[in-house]
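Beneath this line is the structure, given in structure tokens, with notes to follow.
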Amino acid sequence: MTPEATLPWASPAVAPPTVLRSRAEAEVYVASVCFKHGPPKLLGAELEWVVQHSGNPHLPLQVRHLADALGAHVPSSLVPDSPQIPLPHGSTVTVEPGGQLEISSPPRASLTELIATVEGDTAALTDLLDPTGLALSGSGSDAHRPSRRLVDIPRYAAMETAFDRIGPMGRAMMCSTAAVQVCLDAGTPAEVALRWTALHDLGPVLLAAFANSPWLGGLPTGWASSRMQAWFALDPARTRPSRVRRDPAADWDPAAGWARRVLDTPVLCQRRAWGTWDVPNGVTFADWLSGALPGRPSTADLDYHLTTLFPPVRPQGYLEVRYLDTQPVGQWLVPVAVIAALLADPAVTAAAREACAPTVGRWLPAAQHGLRDEALGTAAIAVFELACQALPALDAPAEVQLLVEEITEHRVRRGRCPADDLSTAMAGSTGLNGGHPL
């Protein structure tokens, strides 16, 4: 959500901003920066956590407490003159509006390297928080506290204003949710359409299998993934899944469709040297090009606008998978390993897409019911079996392969997702009989 929370993916130096003269010019620019072609070699991850007080998850978080805990790693959104030193293995730290922490790894050439990087930096982050009485939650939502914005910067104030026009889910998303995001190269020109489509086809099944946010603000919501419930409801123009072709033709370029969508999405905010960044409701970037907002937009303004679109799969030069809840402690690497395995071999990708064909587009049932949806549960078994078979070719650590196999056997085959276990635990601890995601 923070514009600086993007992976330092290998790319040429950014050209100086230029003023945009037409919609056509803007669309060409979007296509060029959002879909960078090349052999798919790199893998990255962004991990978010709800931060809680150890032993008292109901206690409100304070900005000063969090900033002191992070020390020299604290981002400028909390301490403007912070040196913002990366963690020991190179991941950068950012803070979401409600105080959730995020680390963004450097891109790595293998799953093994990525796991070592993220595990090392997660341990370093935990070591920073532990002495201050703070802890990272293993849930995709804040199960205990009401949504409350802590970070006071113009971007978040403008987002809050824009989302409040639609309903309450904007604040819930901004302040009370956390995700595991997986980042992969877009691929060569011959591969990119299929990889883009595959990540969308797999989406509902993987969303359901890793749903882990059945409670929000102290109450069960009736959804396995309250996080994705919030995302889909807060502003559909910027959060709905992109349209894809089930059988992409050789000449189909998803970049063109994405560029049109970007230009037709309302502007969330306009950066200014002083005052608020609010903009009138419903003004699209194309409208801005036509004079609906003061000044002519530049490529820098368009780059910033791109950071305010939040679909389940977002192109940022690489492809960013955004439909996965934060996982229970020690399990973040499972969705990363599964997606890496399914996308590493075109034959495996094709088989996974075929298994998911009956569930394409079932985003809302996936978020609400998890793997208790029969079609999603059946597809998940096939997809996880494919991932287990493909992982050895990635030279994944043996313990990672074993963990994926155990989750396949003891959770996926039983039609369960992490939300089921969390619901049971939460209902038992509170005495409420409402934690079940159905």
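The values are calculated or read from the model by the stated rules, or taken from the named source; none is laboratory data. Just so you know, these numbers come straight off a predicted model, no measurement behind them. Ideal geometry is used to build each Cβ from the backbone, glycine not excepted, and the neighbour counts take in all protein chains shown.
General remarks:
- Any chance residue 301 is within 14 Å of residue 20 (Cα to Cα), acidic (Asp, Glu) and either part of a loop (DSSP other than H, G, I, E, B) or at pLDDT 95 or above (or both): yes
- Count of residues meeting criterion [in a loop (DSSP other than H, G, I, E, B) and in contact with a strand residue (DSSP E or B) (Cβ under 8 Å, 6 or more places away or on another chain)] in the stretch 261-278: 2
- Selected residue [at positive phi and under 23 Å from the mean Cα position of the chain (by Cα)] from 100, 84: 84
- Some residue of the stretch 14-34 being in contact with a helix residue (DSSP H, G or I) (Cβ under 6 Å, 6 or more places away or on another chain), surrounded by fewer than 16 Cβ atoms within 10 Å (Cβ to Cβ) and either farther than 27 Å from residue 328 by Cα or at pLDDT below 95 (or both): yes
- Among residues of the stretch 118-143 that are under 28 Å from residue 420 (Cβ atoms), those with a Cβ under 7 angstrom from a residue that is of a type in the set (Asp, Glu) and not in a loop (DSSP other than H, G, I, E, B), sequence gap 6+ or separate chain, pair up as 140/325.
- Answer from 126, 188 - the residue that is assigned to a loop (DSSP other than H, G, I, E, B), out of contact with any Lys or Arg (no Cβ under 7 Å at 6 or more places or on another chain), of a type outside the set (Lys, Arg) and surrounded by fewer than 20 Cβ atoms within 10 Å (Cβ to Cβ): 188
- Answer residue from the stretch 130-155, given it is part of a strand (DSSP E or B) and among the hydrophobic types (A, V, I, L, M, F, W, C) and is farthest from residue 213 (Cα to Cα) among those: 134
- Qualifying residue in the stretch 255-276 (condition: closer than 26 Å to residue 153 by Cβ, surrounded by fewer than 22 Cβ atoms within 10 Å (Cβ to Cβ), out of contact with any helix residue (DSSP H, G or I) (no Cβ under 6 Å at 6 or more places or on another chain) and of a type in the set (A, V, I, L, M, F, W, C)): yes
- Here the condition is being in contact with a Leu (Cβ under 8 Å, 6 or more places away or on another chain) and surrounded by 20 or more Cβ atoms within 10 Å (Cβ to Cβ); of 419, 344, 352, it holds for 352 alone.
- Residue 329 vs. criteria within 23 Å of residue 50 (Cβ to Cβ), of a type in the set (Val, Ile, Thr) and surrounded by 23 or more Cβ atoms within 10 Å (Cβ to Cβ): no
- Just one residue in the set 258, 288 is part of a helix (DSSP H, G or I) and closer than 27 Å to residue 362 by Cα; that residue is 258.
- Of all residues in the stretch 378-410 being without any contact (Cβ under 8 Å) to a residue 40 or more places away in the chain and within 18 Å of residue 204 (Cα to Cα), the one that is surrounded by the most Cβ atoms within 10 Å (Cβ to Cβ): 408
- Within the stretch 171-185, considering residues that are surrounded by fewer than 24 Cβ atoms within 10 Å (Cβ to Cβ) and touching a residue at least 40 places away in the same chain (Cβ under 8 Å), the one nearest to residue 412 (Cα to Cα): 181
- Within the stretch 197-217, residues that are on the phi > 0 side of the Ramachandran plot and in contact (Cβ under 8 Å) with a residue 60 or more places away in the chain reach partners that are polar (S, T, N, Q) and not in a helix (DSSP H, G or I) with beta carbons closer than 8 Å, at six or more positions or on different chains, in the pairs 217/147.
- Residue list for the stretch 109-123, filter: surrounded by 21 or more Cβ atoms within 10 Å (Cβ to Cβ) and of a type in the set (D, E, K, R): 121
- Sole residue being within 25 Å of residue 190 (Cβ to Cβ), free of Cβ contacts under 8 Å to residues at least 40 places away in the same chain and not hydrophobic (A, V, I, L, M, F, W, C), chosen from 317, 282, 291, 257: 257
- Failed criterion for residue 241 (all others in (1) touching a strand residue (DSSP E or B) at 6+ places or on another chain (Cβ under 9 Å); (2) more than 26 Å from residue 147 (Cβ to Cβ); (3) of a type outside the set (Ser, Thr, Tyr) hold): (2)
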